[in-house]
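J.: Have a look at the structure that comes next, please.
The values are calculated or read from the model by the stated rules, or taken from the named source; none is laboratory data. For clarity, every value in this text was computed on a predicted model and none was experimentally measured. Methodologically, a virtual Cβ is constructed for each residue, glycine included, from the backbone with ideal geometry; neighbour enumeration extends over all protein chains shown. Accessible surface areas use protein heavy atoms only, side chains included; no ligands, DNA or RNA. Shrake-Rupley method; radii C 1.70, N 1.55, O 1.52, S 1.80 Å.
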Amino acid sequence: MEQILVIGAGLAGLSCAKSLQKAGHSVLIVEKSRGVGGRVATKRLYNTCVDQGLPALEPQGECTDQLLADLMSARSLQLWTDITHQWQENYSLLPRSMGKQYSLPDGVNAIAKHLAQDLKILRQQRVEQIHYAHDNWEITCQMAEGELTQYQGKALVLAVPAPQAIPLVAPLKLPSLLTPLESIEFDPCISLMVGYTPTPQWEALPWQILTLPQSTTLQKIFYDSRKRSHPEQVVFVLHSHPDFARHYIDSDNLETVARTLLRAAQETLDLPFDSPQWQQIHRWRYARPSNNLGSAYLSTAEPLPLICCGDWCLGNSAEAALLSGYGAAQWLNTRPQLD
Ligand SMILES: Cc1cc2nc3c(=O)[nH]c(=O)nc-3n(C[C@H](O)[C@H](O)[C@H](O)COP(=O)(O)OP(=O)(O)OC[C@H]3O[C@@H](n4cnc5c(N)ncnc54)[C@H](O)[C@@H]3O)c2cc1C
């Protein structure tokens, strides 16, 4: 069977590639980062691991249910919590039940590694250009050292956030793809990971996930070290409000951005967030789509199959990304050009 190229090794790209490979296709994934997973990201920091994007996996539908079942039998998935606490202006906490949140001892990125098993993935290769030539889709990638390289395939999957697909698709002059891509918007998020020495005050906190509905600076705080079995330090991940992230996403003074987030946490919660032992900030320019396409993928069969998929097709969740990836694979499996 002919080679299918998949750009992006997030949940959508991995689920699509896995399904295509299962159907007998030869699949090559090209990923710009060093690791797989995209927004399902775990950072190794100061002798621990921290989930800096998706905080946990919850059953949201058919795909996440199946993935959780697979992970349950393959490795030690653990139930983290099914309660979120909501911060109230009168300093009280309102516990609310939510879907079961599952964590993994090595962080959520192990989910992506599980999906990536047996797939052929080229890492640290950023796709810069796609074009149609000699009866093939051809992609030009920039490698970590700056060199350019090219790959050909009979079909192309763009499993990247819609705004990142636009510069690749625009030169192809395919308005049926470009116009819908341009209609998708993403909320940004700034994640701040912070570590502290354990103290009775930190240990007494009753929450794992805290939501701050009244704040325009902070949206959620995750007690990340409570996902680990024998944590030696107290680790939190602060997720900014999208409006705060929009304002500071291009700031060249990340030190000040981090300080503003910590001060907001300290002042709101009256807890000593202000002086962490260590901190690391991450900017998610495309954290979560604020609207969606309303269908599993965006495709054209001419001149050869090209399909865009990702969470933004169906929603803003892990389930949406997986469903879109599998949907894209199903469409490709029915293409006569790929028999
Ligand atoms: C802070 C945060 C909190 C979240 N919280 C939740 C939550 O509570 N619940 C939930 O269900 N979901 C949550 N999500 C969303 C969830 O993580 C995403 O919906 C899902 O992971 C998206 O997967 P994807 O494959 O569509 O995209 P991505 O994970 O973005 O994958 C795209 C991949 O393409 C690669 N790529 C992009 N451009 C190129 C290029 N030119 N060349 C090569 N590779 C390229 C990227 O590096 C990336 O690996 C959260 C996300 C973030 C960031």
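J.: Between Asp187 and residues 5 or more places away or on another chain, which pairs have amide H atoms under 5 Å apart, with H built 1.01 Å from N, and which residues are they?
T.: Those qualifying (amide H under 5 Å, at least 5 residues apart or on another chain) are Ala287, Arg288, Ser290.
J.: Sticking with this structure for a sec: So what is the 222 nm mean residue ellipticity for the chain from helices alone, if each DSSP H run of at least 4 adds -39500 (n - 2.57) and you divide by all residues, rounding to the nearest 500 deg cm²/dmol?
T.: So the calculated ellipticity at 222 nm is -8000 deg cm²/dmol.
J.: Let me know the whole percent of all Cα-Cα pairs from segment 112-268 that are separated by more than 23 Å.
T.: Within segment 112-268, distances greater than 23 Å cover 60 percent of Cα pairs.
J.: Now for a separate question. Considering amide H positions built from the backbone, and no H for Pro or chain starts, which residues 5 or more places from Leu218, or on another chain, come under 5 Å of its amide H?
T.: For Leu218, the qualifying residues are His241.
J.: Okay, next question. If one puts a single equal scatterer on every Cα of segment 191-339 and applies the Debye formula without solvent, what log₁₀ I(q)/I(0) results at q = 0.14, 0.18, 0.19, 0.20 Å⁻¹?
T.: At q = 0.14, 0.18, 0.19, 0.20 Å⁻¹ the computed log10 ratios are -0.78, -1.02, -1.09, -1.16.
J.: Still on this structure, please answer the following. State to the nearest 20 debye the size of the charge dipole of the chain about its Cα centre, where the only charges are +1 on K and R beta carbons and -1 on D and E beta carbons.
T.: 400
J.: Expressed as a whole number of Å, what is the distance separating the alpha-carbon centroids of segment 1-49 and segment 127-152?
T.: Centre-to-centre distance over Cα atoms comes out at 18 Å.
J.: Of Ser324, Ser97, which has the most accessible area and how do the rest follow, probe 1.4 Å?
T.: Final ranking, largest accessible area leading: Ser97, Ser324.
J.: Moving to a separate point now. Quick one: among Tyr102, Tyr223, Tyr46, which has the greatest mean-square fluctuation in a GNM of the chain with alpha-carbon springs under 10 angstrom?
T.: Evaluated over the chain, the most mobile residue of the options is Tyr46.
J.: Taking the Cα centre as origin and putting +1 on Lys and Arg beta-carbons and -1 on Asp and Glu beta-carbons, what dipole magnitude results for segment 276-339, to the nearest 20 debye?
T.: Computed charge dipole of segment 276-339: roughly 300 debye.
J.: Looking at the chain, identify the longest residue range that excludes and avoids all GluC sites (Glu not before Pro) in DSSP loops having at most 11 other Cβ atoms within 10 Å.
T.: 148-339
J.: Moving to a separate point now. So which lysines pass the test for Lys220, namely a Cα distance under 18 Å, with those fewer than 8 places away in the same chain ruled out?
T.: The reachable lysines, counting only those whose Cα sits under 18 Å from Lys220, are Lys100.
J.: Another question, if that's okay. About its Cα centre, how strong a charge dipole does segment 89-128 have in debye, to the nearest 20, once Lys and Arg get +1 and Asp and Glu get -1 at the Cβ?
T.: Magnitude of the dipole: close to 120 debye.
J.: Probe radius 1.4 Å, ligands and nucleic acids left out: which of Thr179, Thr149 has the largest accessible area, and how do the rest follow?
T.: Result of the area sort, largest leading: Thr179, Thr149.
J.: How many angstrom separate the Cα center of segment 226-259 from the Cα center of segment 264-290?
T.: Rounded to whole Å, the Cα centres lie 3 Å apart.
J.: While we're here: Which Cα, out of Ala116, Ala165, His134, lies furthest along the positive dipole direction of segment 113-179 (beta carbon charges, K/R +1, D/E -1)?
T.: About the Cα centre, the residue reaching furthest to the positive side is Ala116.
J.: Taking the chain on its own, what percent of its Cα-Cα pair distances exceed 39 Å?
T.: Result: 17 percent of Cα pairs exceed 39 Å.
J.: Same structure, new question: Mind listing the phi-derived Karplus ³J(HN,Hα) values for segment 49-58, rounded to whole Hz, using 6.51, -1.76 and 1.60 with θ = phi - 60°, and x for any glycine or proline?
T.: Per-residue couplings from phi come out as 10, 9, 7, 9, x, 3, x, 6, 9, 10 Hz.
J.: In addition: Can you put Trp87, Trp137 in order of accessible area, largest first, using a 1.4 Å probe?
T.: Trp87, Trp137
J.: Hey, if you put +1 on the Cβ of every Lys and Arg and -1 on every Asp and Glu Cβ in the chain, which of Gly8, Gly153, Pro105 ends up farthest toward the positive end of that dipole?
T.: My answer, from the dipole projection, is Pro105.
J.: Convert each backbone phi in segment 78-94 into a coupling constant with the Karplus relation 6.51 cos²θ - 1.76 cosθ + 1.60 (shift: θ = phi - 60°), then list the ³J(HN,Hα) values in order as whole Hz, x for Gly and Pro.
T.: Result, rounded to whole Hz: 10, 6, 8, 6, 10, 10, 10, 9, 9, 6, 9, 4, 8, 6, 9, 10, 9.
J.: Continuing with this model, one more query. How much length, in nm to one decimal, is gained on full extension between Trp278 and Ser251, taken as 0.36 nm per residue of separation minus their Cα-Cα distance?
T.: 7.7 nm is the gain from fully extending Trp278 to Ser251.
J.: In the full protein assembly as shown, how much of His241 is accessible to a 1.4 Å probe, in Å² to the nearest 10?
T.: Approximately 40 Å² of His241 is accessible to the 1.4 Å probe.
J.: Computing the accessible area with a 1.4 Å probe over protein heavy atoms, can you report the carbon and sulfur percentage for segment 144-222?
T.: Ligands and nucleic acids excluded, carbon and sulfur give 54 percent.
J.: Taking all protein chains as present, what is the carbon and sulfur share of the accessible area of segment 1-115, in % to the nearest whole number, probe 1.4 Å?
T.: Here carbon and sulfur together make up 45 percent of the probe-accessible area.
J.: Rounded to the nearest 10 Å², what accessible area does Arg123 have for a 1.4 Å probe in the complete protein model?
T.: 110
J.: For segment 119-124, what does the Karplus curve 6.51 cos²θ - 1.76 cosθ + 1.60, with θ = phi - 60°, yield as ³J(HN,Hα) per residue in whole Hz, taken in order and with x for Gly and Pro?
T.: With coefficients 6.51, -1.76 and 1.60, one gets 9, 8, 10, 9, 9, 6 Hz.
J.: How much accessible area per residue does segment 1-143 have, in Å², with a 1.4 Å probe?
T.: Per-residue value: 47 Å².
J.: What whole-number value in Å² describes the accessible area per residue of segment 177-285 for a 1.4 Å probe?
T.: 46
J.: To the nearest 10 square angstrom, what accessible area does Asp135 show with a 1.4 Å probe?
T.: Using a 1.4 Å probe on the heavy atoms, I get roughly 90 Å².
J.: To continue, here is another question. Using modelled backbone amide H atoms (1.01 Å from N, in-plane), which distant-in-sequence or interchain residues come within less than 5 Å of Glu128's amide H?
T.: For Glu128, the qualifying residues are Thr140, Cys141, Gln142.
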